[in-house]
Amino acid sequence: MNDLITDPLDESQHIRDVRVRRLVVNRDPRGILVETLRADWDDFYDSASRPFAQSYYSATDANVARDEKHWHVHEHQEDRFVVLSGDIVLALHDPRPESRTRGRVNLFRLGQSSGDDGQIAVLIPQRVHHGFLVGADGPAVLVNFPTKIYNADDEGRIAFHETDARLEDGALFTWDLVRNAGV
């Protein structure tokens, strides 16, 4: 599985405009406190171009993908994902014709198994295809801080086979490839 996973802190491997921010886990005998979005994080927040619009969370069972055969995509919204509990693999694919990383796929592991020093938030740019799969030890809880209020007209779905999203070895992306690699 490690061969498929992109190091989230290696920016040279990121799809253009994807942002990854290491989160600080403040742990004491009572538990933890983690800041997940702040107005002074200029790489994740800007009141004009990257505002706060809403927050929601999803709880997803083990081995379940949010859309088994489709990418999510938004023309006008950016997503900001943080995993609160459990583990996921977040898949990103860059279809943007003007992007220097067009065609690139990133697979980021997010969640508890990364330990306190491995907690991250990921900003997903507009028009970048995305989806996630919960690990075998699920469930997982993911929170999103999108830059726009939910709008069904901006909630696109595109079948994997229509995008020609390929992993480094040339294999067409599917969640079964990720599962079979040991998630």
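The values are calculated or read from the model by the stated rules, or taken from the named source; none is laboratory data. In this text, all values refer to a predicted model and were calculated from it rather than measured experimentally. Reconstructed Cβ throughout: ideal geometry from the backbone, glycine too, with neighbour counts over all protein chains shown. The protein model used for the area step is the full one, side chains on, heavy atoms only, and it has no ligands, DNA or RNA in it. Shrake-Rupley method; radii C 1.70, N 1.55, O 1.52, S 1.80 Å.
General observations
- Taken residue by residue, segment 154-169 has at least one member that is assigned to a strand (DSSP E or B) and charged (D, E, K, R).
- Qualifying positions in segment 86-126 - among the polar types (S, T, N, Q), within 22 Å of TRP175 (Cβ to Cβ) and surrounded by 21 or more Cβ atoms within 10 Å (Cβ to Cβ): ASN106
- Scanning segment 40-62 for residues that are open to solvent by 80 Å² or more (accessible area, probe 1.4 Å) and of a type in the set (Gly, Ala, Ser) turns up SER47, ALA48, SER49.
- Matching option when the condition is charged (D, E, K, R), in contact with a helix residue (DSSP H, G or I) (Cβ under 9 Å, 6 or more places away or on another chain) and either over 23 Å from GLY170 (Cβ atoms) or surrounded by fewer than 16 Cβ atoms within 10 Å (Cβ to Cβ) (or both), among ARG22, ARG80: ARG22
- For segment 155-165, the set of residues classified as at pLDDT 95 or above and either out of contact with any Leu (no Cβ under 8 Å at 6 or more places or on another chain) or surrounded by fewer than 17 Cβ atoms within 10 Å (Cβ to Cβ) (or both) consists of GLY156, ARG157, ILE158, ALA159, GLU162, THR163, listed by residue number.
- Counting only residues that are on the phi > 0 side of the Ramachandran plot and free of Cβ contacts under 8 Å to residues at least 40 places away in the same chain, segment 16-46 holds 1 of them.
- Within segment 166-183, the set of residues being open to solvent by less than 30 Å² (accessible area, probe 1.4 Å) and among the β-branched types (Val, Ile, Thr) comprises VAL178, VAL183.
- Tallying residues that are farther than 15 Å from TYR57 by Cβ and outside any helix (DSSP H, G or I) within segment 93-121 yields 20.
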